[in-house]
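One structure is given here, and the rest of the page talks about it.
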Amino acid sequence: IDWLDAALVGGHVRDGQGLVSGELGDWPFADNNGRFEARARIDEGVVHFADGWNDLAQVDGEVAFLGPGFELSGRGRLGQVAVPAFSAKIARFAQPQLQVRAQGQGQAAGLLQLLRQSPLHAGYASTLDALAVQGPARVRFSLDHDLGSGAPARVGGTVDLEGVRLADRRWDLQLEQVQGQAEYASH
């Protein structure tokens, strides 16, 4: 509940619908002895998934509270990066395992700036700070976080470069038309 209070930062909730069926004493209906469902659209939302990461802004999506958990999906913007598809869910609030999946696309420089402003910078500062990139890129992102444990989130994903100009000032290296996939992870 604390994560939800902190995560849903702003926006407009529209077209809300709710359903409760069953004995309220059996809440949250974990044994299929009732049903709880609440759904709504979010326009121009702002979602804070994890400390240290930019908030997901301009969210256009749907949120659903289903029994003992929730799901949020849609599209938005993370810093300079368009996020055409994302999903976040906690299956059971009693065991709060947050799972976030997203796809992004845009200019590689915007993706690099996002990584520089993230917790990944702490472990990879020398590499991230030395790079310069220009050109289009796509990214896949995953975050798995046990909210009840106090352990850091596990972050991972890939970046697909599509004819990018890449420079690394540490090595006085400049490459043109770089194509391929890079993986990143934080455990």
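The values are calculated or read from the model by the stated rules, or taken from the named source; none is laboratory data. A quick note: this is a predicted structure, and the numbers were derived from the prediction, not measured. Please note: Cβ atoms are built from the backbone with ideal geometry, for glycine as well, and neighbour counts cover all protein chains shown. Note: accessible area is taken over every heavy atom of the protein model, side chains too, but ligands, DNA and RNA are not part of it. Shrake-Rupley method; radii C 1.70, N 1.55, O 1.52, S 1.80 Å.
General observations
- Residue count for the stretch 125-144, restricted to those that are within 17 Å of residue 185 (Cβ to Cβ) and β-branched (Val, Ile, Thr): 2
- Every test in (1) surrounded by fewer than 19 Cβ atoms within 10 Å (Cβ to Cβ); (2) modelled with pLDDT under 90 is passed by residue 126 save one, and that test is (2).
- The residue that is farthest from residue 105 (Cα to Cα), among those in the stretch 134-165 that are of a type in the set (Val, Ile, Thr) and in contact (Cβ under 8 Å) with a residue 40 or more places away in the chain, is 164.
- For the stretch 59-100, a residue qualifies if it is touching a His at 6+ places or on another chain (Cβ under 9 Å) and crowded, with 18+ Cβ neighbours inside 10 Å, and the qualifying residues are 96, 98, 100.
- Top-ranked residue in the stretch 1-58 [being touching a strand residue (DSSP E or B) at 6+ places or on another chain (Cβ under 8 Å), open to solvent by 90 Å² or more (accessible area, probe 1.4 Å) and among the polar types (S, T, N, Q); ranked as farthest from residue 69 (Cα to Cα)]: 58
- Taken as a whole, the stretch 166-178 holds at least one residue that is touching a Gly at 6+ places or on another chain (Cβ under 6 Å), part of a strand (DSSP E or B) and either without any contact (Cβ under 8 Å) to a residue 24 or more places away in the chain or surrounded by 12 or more Cβ atoms within 10 Å (Cβ to Cβ) (or both).
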